[in-house]
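Comments concern the structure below.
The values are calculated or read from the model by the stated rules, or taken from the named source; none is laboratory data. Just so it is clear, the model here is predicted, and its values are computed rather than measured. FYI the Cβ positions are ideal-geometry reconstructions off the backbone, even for glycines, and counts take in every protein chain you see. Heavy atoms of the whole protein, side chains included, go into the accessibility calculation; ligands, DNA and RNA do not. Shrake-Rupley method; radii C 1.70, N 1.55, O 1.52, S 1.80 Å.
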Amino acid sequence: MPDTDPNAPPPTLFCLHFLGGSAREWTQVSERLAGRMRCVPIDLPGFGTSADLSGYTVTEMADHVAGRIRAEAPKRWMLAGHSMGAKVALALARRIEDTEGAEADLGGLIGLVLLAGSPPSPEPMPEDKRREMMAWIDADPATRRTEAEAFITANVAAPLVPDLMERAVEDVLRAEPAAWKAWFAHGSREDWCERIGVLHTPALILAGSEDADLGTPAQICLMAPHLAEVTVITLEGAGHLLPLERPDAVADHIAALAAAPKTAAPKGPRVDDAYEKLIASDRVNSRLRAALRARAAPDDPAYQPTALDPVELAVLRSVLDRVLPQDSLGRIDIAARIEARLGSGSGDGWRFADLPPDPLAYRAALRTLDDAGHAAHGIGFHALDGARQDALLKAAEAGDLAGRDETKQLDAHRMTLWFEDLRSDAVRIYLAHPATLAAMGFSGIGAGGDGVPEIGFTAVGLNEREAWEPVATGEEVR
C-alpha cells in the first residue's frame, strides 16, 4: 500500500451501501466530509439507480464497483462498505492486493472502512429469518411497505427522523426483488474466508452497540481476523444503519483514518547485543546460526495461514495470549509460527494416538473452543474477556469441555490431550527464540563451530563460567 503523504491531496472515498439501501444512505456522511474528502457513493446492482442491473454475486458486485472506481481514476482512494457492501469491499481489496490480478491498476487504495460488515464467512442468520425476509419482498404493495418499514425500524436503535425513515423505506421498496432474494439465498452464504485471507490495507471497523447480529462481538470474531492493521470502534447507542444513525461520528472516524500516518512495520523481539555477538562468533556453527537468524526474523503482521483459516488463527492467538502472555511490544507471534508448522507438516514428529493429525486436531480444537464460547456466553472465544477465556481453557485442561458436533469438534478427552500438546508447542517456540535464550543466558549455542574438533567448553566445574558465556538478563522477552 502507498505511503500516506501529509502533502498529498485528500483521498476519494467510494461508499457501498447495505442490503436494501442505496447510495443515498451516504448523503449525510458526504455532507459532513465536504472539504475533507470527496465522496462517491455507488449503487450496487439491483439497488438504487442500478436496480435494473443484474449481477448479484459478491464477485459480480465487486466487478461493478471496480468499474466505477476505474472510471474515476483516483490516485489515492478509500473504500467504505456498509453491511452487504463490506463483504464486497473486502473481495475487491483482496483482488487489488493480489497485484497480478485484473485490478492492479487500482493500486491507490489506502484504507478500508467497514461498517457493521457482513463477514467473509457465511453471515450468521437463522434459517427461518432468511425465509421470512425472502418471502415478503414479492408480496402485495401494502404488505411490502409494512415489512420495509419494519425492516428499517428493526435495524436502528432509535427511530429515524421522518424524512430519513421515508427515504430508507423507499430504497428498500425500489430494490429489485431478485437482488434482494439473491443476497439472502446466496450472497450472504458465500464463504470468502480463505479467499480473503488477511489484508494489509489499513482498516477501520465501526459497529453499533445495539446491533444484535453484526455488532462489535461479531466484528471482532468474524471480520477483524482478516485485517492485519485494524481498529474496532463501537458507536454507543447505535444499531445497524450507522451512516443514517451516526453520520457525524462516521465522518469523523473516516477522516481520522485518512489522516493517520502510515504505521511502522512491527519489529520482532530485540536480541541482546552481547548475544548477537555470540551468534555471529565462530563458536556457533553455521547451520545453527542460520536457524537462530530465522527464528529472530520479525513476524509478518499479515501472515497468511494455510492449515487454519484467518478466524481460527485469531482464536489460536487469543488462546496463546492466555497460555503464555507476552509484552505487547515486540511480541513473538507464536500462533503464526505454530500455524506455519501445521501448514508445512513439520513439527516435533509425534502426537497423541487418540488425536487426529496435528492440522486436523488444531482446527477441531479451535472450533470446539469457539463453539463453547457461543454456548456459554453467546459470543465466540476471540471476543470473550480474559476471565471467561481462562475458564474455558481450564475446563479443557480438566476434561470438562467437549464439542457439540462430533464430526467437526473434539470430545473432552481429546481436548485435554490437545491442550497439553498446544502448551508444549508454545513453550518450545518461545524458548527457541534467540531473545529468550539471551534472557536466560543460555550458552549451549556456543558449544561448537564449523571446525574440527568442536570448540566445546573448558570451564566445567561447579559455578565456573567461561569469559565468552552470556549472562542472563532476567528480563521478559520484548
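For the chain, with every protein chain kept in place, what is the accessible area per residue (1.4 Å probe, Å²)? Walk me through the intermediate numbers first.
Working: 21370 Å² over 478 residues.
Here the per-residue accessible area is 45 Å².
The loop-placed GluC sites (Glu not before Pro) in the stretch 94-173, going by DSSP, that have at most 15 neighbouring Cβ atoms within 10 Å of their Cβ come out as Glu100.
Cross-link reach is defined here as a Cα-Cα straight distance under 19 Å, omitting same-chain residues fewer than 8 places apart; for Lys394 the aspartates and glutamates meeting it are Asp321, Asp370, Asp371, Asp385, Asp411, Glu420, Asp421, Asp425. Which whole-number percent gives the relative contact order of the chain, counting Cα pairs below 8 Å spaced six or more residues apart? The normalised contact order for the chain reaches 14 percent.
Please give the net charge around Ala432, taking every other residue with its beta carbon less than 10 angstrom from that of Ala432, where Lys and Arg add +1 and Asp and Glu add -1. It would help to have the intermediate numbers written out before the result.
Details: positive: Arg295, Arg337, Arg428; negative: none.
Cβ neighbours under 10 Å give a net charge of +3.
For an R0 of 51 angstrom, estimate the FRET efficiency from the Cβ-Cβ distance between Ala142 and Asp105 and round to the nearest 0.05. Could you put the intermediate results ahead of the total?
On the way: r = 48 Å, r/R0 = 0.95.
Calculated value: 0.60.
Distance cut-off 24 Å, Cα to Cα: go down the list Lys129/Lys181; Lys87/Lys181; Lys75/Lys262; Lys87/Lys267 and report the pairs above it. Listed pairs above 24 Å: Lys87/Lys267.
Taking amide H as placed 1.01 Å from N in the peptide plane, the amide H of Val284 sits under 5 Å from none that are at least 5 places away or on another chain. Over the stretch 280-361, Cα pairs under 8 Å with separation of 6+ residues give a relative contact order of 30 percent. Once the C-beta distance of Arg36 and Glu170 is scaled by a Förster radius of 25 Å, the resulting FRET efficiency is 0.30 to the nearest 0.05.
How long is the gain from Leu431 to Arg131 if the chain were fully straight, where each residue apart is worth 0.36 nm and the alpha carbon distance is subtracted? Each step should come with its number before you reach the end.
Numbers: separation 300, 0.36 × 300 = 108.00 nm, distance 5.32 nm.
Length difference between fully extended and current span is 102.7 nm.
Peptides 338-347, 357-366 ranked from most to least packed, by the mean per-residue count of other Cβ atoms within 10 Å: 357-366, 338-347.
Each label point was placed 7 Å from the Cα along the Cα-to-Cβ direction; for Met440 and Ala185 their separation is 6.0 nm. Spatial offset of the stretch 18-61 relative to the stretch 156-171 amounts to 17 Å, using the alpha carbon center of each.
Applying the Karplus relation 6.51 cos²θ - 1.76 cosθ + 1.60 with θ = phi - 60° to the stretch 105-114 yields 3J(HN,Hα) values of 6, 9, x, x, 5, 10, x, 10, 10, 10 Hz, where x marks Gly and Pro. Look at the dipole of the chain built from charges on Cβ: of Ile429, Thr27, Pro470, the Cα furthest out on the positive end belongs to Pro470. Heavy-atom surface analysis with a 1.4 Å probe gives the chain a carbon and sulfur content of 53 percent of its accessible area. Take the Cβ atoms of His377 and Lys408, set R0 to 25 Å, and the FRET efficiency comes out at 0.80. Once the Cα-Cα distance is subtracted from the 0.36 nm per residue extended length, the Ala297 to Ser54 segment shows a gain of 82.7 nm.
Which whole-number percent is the relative contact order of the stretch 184-267 (Cα, under 8 Å, 6+ apart)?
Details: 96 pairs, mean separation 24.2, N = 84.
Answer for the stretch 184-267 is 29 percent.
For the stretch 63-99, the set of trypsin sites (Lys or Arg not before Pro) satisfying both a DSSP loop assignment and a count of at most 14 other C-beta atoms within 10 Å is given as Lys75. The long axis of helix 412-432 is offset from the longest Cα principal axis of the chain by roughly 60 degrees.
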